[in-house]
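Okay, structure first, notes after.
Bear in mind that the values in this text are calculations on the coordinates, not laboratory data. Keep in mind that what you see is a predicted model, and the values were worked out from it rather than measured. All Cβ positions, even for glycine, are placed from backbone atoms using ideal geometry, and neighbour counts span all protein chains on display.
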């Protein structure tokens, strides 16, 4: 069975996006006190987020180099799976516009 946190960690990294977000905003949206769903803690443990502190400014959170590499790998994997699913699907896949 795959790790149930994987899709949530990916969601967090996608949500943060390519530009830093205020630390308080990220914690408000993603921190949890539920020990069964530690998405924020897991992303930190894996080194997927950077904490940016500049004197006189609010702290920021950004996707780290390692987090961006992980996102890219997961996107490629998902695209590959989608291609395989299209070739093996008994139902024609219709492109949406």
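The figures follow:
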| quantity | calculated |
| --- | --- |
| Distance (nanometres) between label positions extended 7 Å along Cα→Cβ at residue 54 and residue 25 | 1.5 |
| Estimated distance in nm for a label pair at residue 80 and residue 11, the labels positioned 7 Å out from Cα along Cα-to-Cβ | 2.5 |
